[in-house]
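Encoded as structure tokens, the structure appears first; notes follow it.
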Amino acid sequence: MDMKRVEIVASGDVQKVGFRDVVQKIGRDLGLSGTVENREPYDVAIVAEGEVEALEDFVRALMIRDRLIQVRKLEVSWQEATGEFPYFKILRGEWHEELGESLDVANKLLQRSIEANEEYLAEAREILDGRGP
């Protein structure tokens, strides 16, 4: 089994959008161990260890572009594994920063939901206006 370590700095819209939770889930799903944490001022630092193929899948999976998360760049550095991580975890900051970040994510999701609802209602009105009595 060829174990390696990858150190990654993710740039883009990666803080306050739930990116660390997604990174942790991807890492755990691939059987990796490591850490993910915010890096001031805007980036996220990731360290992962595991089998080379799983790490390659991990790096590819991190190029996320969805409604909230917009990864623009990954700086990737390959090294030998150290075996220091028992599992994959999020390294969190001060509780008040984490609470603020959770509220930011919830706010963005709520805004997206309202925008989607408004678009749906506008389309429904157009359909009803065009087919009304």
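The values are calculated or read from the model by the stated rules, or taken from the named source; none is laboratory data. Computed from a prediction, not measured in an experiment: that's the story for all the values here. Each accessible area value is taken on the protein alone, full model and side chains, heavy atoms only, with ligands, DNA and RNA left out. Shrake-Rupley method; radii C 1.70, N 1.55, O 1.52, S 1.80 Å.
Here are a few things to note about the model shown:
- Fully extending the segment from ARG39 to SER77, taken as 0.36 nm per residue of separation minus the present Cα-Cα distance, adds 12.0 nm.
- With every protein chain in place, the chain: carbon and sulfur % of accessible area (1.4 Å): 50 percent
- Using the rule -39500 (n - 2.57) for each DSSP H run of four or more residues, divided by the residues of the chain, the 222 nm mean residue ellipticity is -15000 deg cm²/dmol.
- In terms of accessible area, using a 1.4 Å probe and ignoring ligands and nucleic acids, ARG20, ARG112 rank largest first as ARG112, ARG20.
- Once the Cα-Cα distance is subtracted from the 0.36 nm per residue extended length, the VAL59 to ILE114 segment shows a gain of 16.5 nm.
- Computed with a 1.4 Å probe on the full set of protein chains, the accessible area for THR82 sits at about 90 Å².
- Rounded to the nearest 10 square angstrom, SER113 shows an accessible area of 60 square angstrom against a 1.4 Å probe.
- Per residue accessible area in Å² of the chain, where ligands, DNA and RNA are left out and the probe is 1.4 Å: 66 Å²
- Probe 1.4 Å - accessible area at VAL17, Å² to nearest ten: 10 Å²
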